[in-house]
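Values quoted throughout were computed directly from the atomic coordinates according to the rules given, and no laboratory measurement underlies them. Treat the numbers as computed from the prediction; the structure is a model and nothing was measured. With ideal geometry, Cβ positions are generated from the backbone for all residues, glycine too; neighbour counts draw on all protein chains shown.
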Ligand SMILES: *[C@@H]1O[C@H](CO)[C@@H](O)[C@H](O)[C@H]1NC(C)=O
């Protein structure tokens, strides 16, 4: 009876806490140096991930915050690849557009932003620009879960908490470069409560466990376990002893 009440209590707690989780965003950086589109792309690829890529309204809002009240035109990572096709710098298809006026089919083949709206511009013009970086970084070192937590905290921010489908997609986009078949996440089993929690202390709401993985362990004997994502296949999560040495994913420092 006591056990049931306890389980009920935790279920309610989980429901209450789940509505609070908030994803991390892609980060944009305004670079106030005048360059052509291609030079700007090279700069962003050296120092960040690439020229600004915008996949949805959330990205767009972040991007607008980055340039603040700047009224100059700045490059974003959008370029025309043929008469009717615009692509993002890394080749991603365009899912979100925010043109001020529909682009015409002239030779202005790159895109700039001003006041939150985009327009076409000659790629050889020299302008300031916006780079972005991914929030996540795959570390190709084989470390135990505990060492991985320490490494991320010393060099970046933390082991990644995959608290939404969006973050799972980001994980998917970096995990294929891993050397190990599984990659540590910031997920661990708190055996006293029979509960999986993220390193930041959040309970697990969004989940992506592989089918058949035994996640409710109901005992505190044996080695402590932590959660890892499969680097191949469907990138599902599995539970492993913490001493296994795997690659891992950190969330990045705000500044780099
Ligand atoms: C890490 O582990 C993988 C898989 O076990 C192995 O192929 C790789 O050589 C290891 N890397 C290092 C640096 O030890």
Seminar exercise, completed: Here the Kirkwood hydrodynamic radius of the chain, Cα-based and in Å, equals 20.3
Exercise. Hey, how many Å between the Cα centroid of region 210-241 and the Cα centroid of region 132-182?
Worked result: 16
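Grab the DSSP H runs of the chain that are 4 residues or longer, score each as -39,500 (n - 2.57), total them, divide by all residues and round the 222 nm result to the nearest 500 deg cm²/dmol.
About -7500 deg cm²/dmol.
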Exercise. Helix 2-18 versus the longest principal axis of the chain: what is the Cα-based angle in degrees, 0 to 90, to the nearest 10?
Worked result: 10
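Roughly what % of DSSP beta bridges within the chain run antiparallel, to the nearest 5?
Among the beta bridges of the chain, antiparallel pairing accounts for roughly 90 percent.
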For this session: Going by C-beta contacts inside 10 Å, put 138, 159, 143 in order with the fewest on the left.
Result: 143, 138, 159
Seminar exercise, completed: For 84, 73, ascending order of other Cβ atoms within 10 Å (fewest first) is 84, 73
For this session: Report Rg (one decimal) and Dmax (nearest whole number) for region 135-205, counting Cα atoms only, units Å.
Result: 12.2, 35
Exercise. Looking only at region 199-215, which residues have a backbone nitrogen under 12 Å from a spot 7 Å from the Cα of residue 90 in the C-beta direction?
Worked result: none
Problem set entry | Helix 37-47 vs. the chain, principal-axis angle (Cα, 0 to 90°, nearest 10) | 30
Exercise. So how do 105, 36, 251 line up by other beta-carbon neighbours within 10 Å, fewest first?
Worked result: 105, 36, 251
Exercise. So for region 90-189, what percent of the C-alpha to C-alpha distances run longer than 24 Å?
Worked result: 45
Problem set entry | Cα-based helix-to-principal-axis angle, 145-155 vs the chain, degrees rounded to 10 | 30
